[in-house]
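The values are calculated or read from the model by the stated rules, or taken from the named source; none is laboratory data. What you see is a predicted model, and the numbers here were worked out from it, not measured in a lab. Heads up, the Cβs are rebuilt from the backbone with ideal geometry, glycines too, and the neighbour counts pull from every protein chain shown.
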Amino acid sequence: MGSDCLFCRIVAGELPATVIERDEHTLTFMDIAPATHGHALVIPTRHAADLWEIEPEQLAAVTVAAQRQALRVRDRLGAAGVNLINSCRAEAWQTVFHFHIHVIPRYQGDPLKLPWTPSAGDQEEIAAAARSLS
């Protein structure tokens, strides 16, 4: 990717980041606008715009690195839980178009809320969607 990708520039060392871990395939660094204490991002070091474009091997490496980060926030920061969040495309709230997983530690009483309130769906619509996806 060209120099317009923020995360590619971080991988290249052209922009600063508070790095937690780096290996051959991934980079884990702190989010500059954290949702909770210890919120980090895990990205592939090779550019992939989103979930629809990332190669399966890259996705596997990022997922394993996200799990390592989730274990670190549990063991070192005392997180009671963790959210792993990926947004694919602008309609799903993606703002940086380089694949990334947010590792968001969760603590008892933290103010972060789900973006929707789950409720029962229409069973016919659910079944129709399942048929389309089968």
Regarding the stretch 17-39, can at least one residue be identified that is of a type in the set (D, E, K, R), more than 17 Å from residue 94 (Cα to Cα) and in contact with a Cys (Cβ under 9 Å, 6 or more places away or on another chain)? no
If you scan the stretch 47-71, which residues turn out to be buried (at least 19 other Cβ atoms within 10 Å of the Cβ) and part of a helix (DSSP H, G or I)? 58, 61, 62, 65, 66, 69, 70
Quick check on my filter: what residues within the stretch 89-134 are under 30 Å from residue 72 (Cβ atoms) and hydrophobic (A, V, I, L, M, F, W, C)? 92, 93, 96, 97, 99, 101, 103, 104, 112, 114, 116
Which one of the conditions (1) on the phi < 0 side of the Ramachandran plot; (2) more than 12 Å from the chain's Cα centre (by Cα) does residue 89 fail to meet, given that it meets all the rest? (1)
Matching residues in the stretch 72-106 - criterion: being touching a residue at least 12 places away in the same chain (Cβ under 8 Å), among the basic types (Lys, Arg) and surrounded by fewer than 14 Cβ atoms within 10 Å (Cβ to Cβ): 89
With the requirement that a residue be among the hydroxyl-bearing types (Ser, Thr, Tyr) and in a loop (DSSP other than H, G, I, E, B), what does the stretch 91-134 give you? 95, 107, 117, 119, 134
Working carefully through the options 42, 19, 73, 11, find the one that is modelled with pLDDT of 95 or more and within 12 Å of residue 100 (Cα to Cα). 42
Would a scan of the stretch 29-37 turn up a residue that is in a strand (DSSP E or B) and under 15 Å from the mean Cα position of the chain (by Cα)? yes
Flag if residue 46 is of a type outside the set (A, V, I, L, M, F, W, C), out of contact with any helix residue (DSSP H, G or I) (no Cβ under 9 Å at 6 or more places or on another chain) and on the phi < 0 side of the Ramachandran plot: no
Return only the number of the condition from (1) over 14 Å from the mean Cα position of the chain (by Cα); (2) assigned to a strand (DSSP E or B) that residue 82 does not satisfy. (1)
